[in-house]
Amino acid sequence: MKTSISSLAVASAFVAIVGATPALAQKSKDTLRFPVQDMEAGIDSYLFPGTFHYGWAPSVYDDLLGFKPAKGEFVGQLAKSWTQPDNMTYDYELRTDVKWHDGQPFTADDVVYTISYLIDPKVKLRYKAYWAWIKSVEKLGPYKVRIVSKTPVPDGMMWMAGSTHIFPKHVHEPLANKAEFGAHPVGTGPFRITQFNKNAGIVAERYAGYVPTAAKAAAGVGKVVAEPIRDTGTIVAAMLTGKADVASNLEPDQIKGLVATGRFEASLSPPALGFPSKGAENVKALGDIRVREAIIKAIDRNVILQAWYGDHAKDLKPEEALCSKEQRGCGYTKMTPAYDPAGAKKLLAEAGY
């Protein structure tokens, strides 16, 4: 039996790993041990976005829709059906068999509340712009909602499939300090959090009331225990001594050493290049598209792959574009410029640098 390791967070694949490979767990205890290096203050997609969120939120919360990349199609999650009466209107018929982890029924009120919270001008969120396209949300019935966009958008449904976790109105709304919610999260996903403590770690247990969908399977193990371990060397030791089943964010040499034992498998992702979303406006040069293109052309991403992953890089290729082929409503055909030092120098000269 081989155990998984990953160079990046087990992240968005967390549910798939738990659900698809229960052999990873301690079968006698039905438990998956997953060390966590950096805990946020809570599992909250909106207040604490980042790697930690991608690893845990999909296991705790659900979205209106799911997305099947291989087929490029949407599937129901909290919504059982959906229509688009016109190019700015999205109607979602919700499931009636969903309950929150505290036993309360899920209804249209929860969807309306969550999206209203996200677009409320008074609510400050780091990535609030993700929902800036939404003009309004309204309840059409106990289990039906309508979302209206400000203008036609190509990826309106895509934002409802993976980026917009629905929160329980009866729990979230009364909180004066919304940050408290993430430390005591209540969702509809396959796992419910029974312990969240920065010192003691996280315990997630299979939610017996979860009804699997085409978008998300039921939990494959009864419990996930995430002990806080910051040092990757300690994590490697835990893997080697059988005290951990899955690891993430390890150094390349550590990955190589673990794989060499024949007991582990590595799942790798190519690093992406980008520009800062905040502060770049203060750098005059970055305001010129020629400079940005020159920077990308001056970097040999294949060399970065080789330097970072060594022998493992042979099966990896740099990301081709900002979007993936599977994404809907995103311009995959806009390719990342190829490595071209001479072209980079020419662009810089044209820009006056």
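The values are calculated or read from the model by the stated rules, or taken from the named source; none is laboratory data. Note that the coordinates shown come from a computational prediction; the quantities given were computed from them, not determined experimentally. So basically every Cβ, Gly included, is an ideal-geometry build from the backbone, and we count neighbours across all protein chains shown. Each accessible area value is taken on the protein alone, full model and side chains, heavy atoms only, with ligands, DNA and RNA left out. Shrake-Rupley method; radii C 1.70, N 1.55, O 1.52, S 1.80 Å.
Here Thr333 fulfils each of the conditions (1) at pLDDT 90 or above; (2) β-branched (Val, Ile, Thr); (3) open to solvent by 30 Å² or more (accessible area, probe 1.4 Å) apart from (1).
Residue-level check: of (1) in contact (Cβ under 8 Å) with a residue 12 or more places away in the chain; (2) farther than 30 Å from Lys80 by Cα; (3) out of contact with any Pro (no Cβ under 6 Å at 6 or more places or on another chain), Ala217 misses just (2).
Candidates in segment 161-181 are the residues that are at pLDDT below 95 and within 18 Å of the chain's Cα centre (by Cα); of these, the one that is nearest to Leu78 (Cα to Cα) is Ala161. Only a single criterion out of (1) surrounded by 13 or more Cβ atoms within 10 Å (Cβ to Cβ); (2) farther than 15 Å from Val36 by Cα; (3) modelled with pLDDT under 85 is not satisfied by Phe264, namely (3).
Annotation for segment 216-224: at least one member residue is within 15 Å of Asp62 (Cβ to Cβ), among the charged types (D, E, K, R), in a loop (DSSP other than H, G, I, E, B) and at pLDDT 90 or above. Here Tyr92 meets each of (1) of a type in the set (Ser, Thr, Tyr); (2) open to solvent by less than 70 Å² (accessible area, probe 1.4 Å); (3) assigned to a loop (DSSP other than H, G, I, E, B) with one exception, condition (3).
If you check Glu350, Glu319, Glu281 for being open to solvent by 90 Å² or more (accessible area, probe 1.4 Å), more than 26 Å from Met239 (Cβ to Cβ), modelled with pLDDT under 85 and among the charged types (D, E, K, R), only one passes: Glu281. Scan segment 129-179 for residues that are assigned to a helix (DSSP H, G or I) and touching a helix residue (DSSP H, G or I) at 6+ places or on another chain (Cβ under 6 Å) and the total you get is 3.
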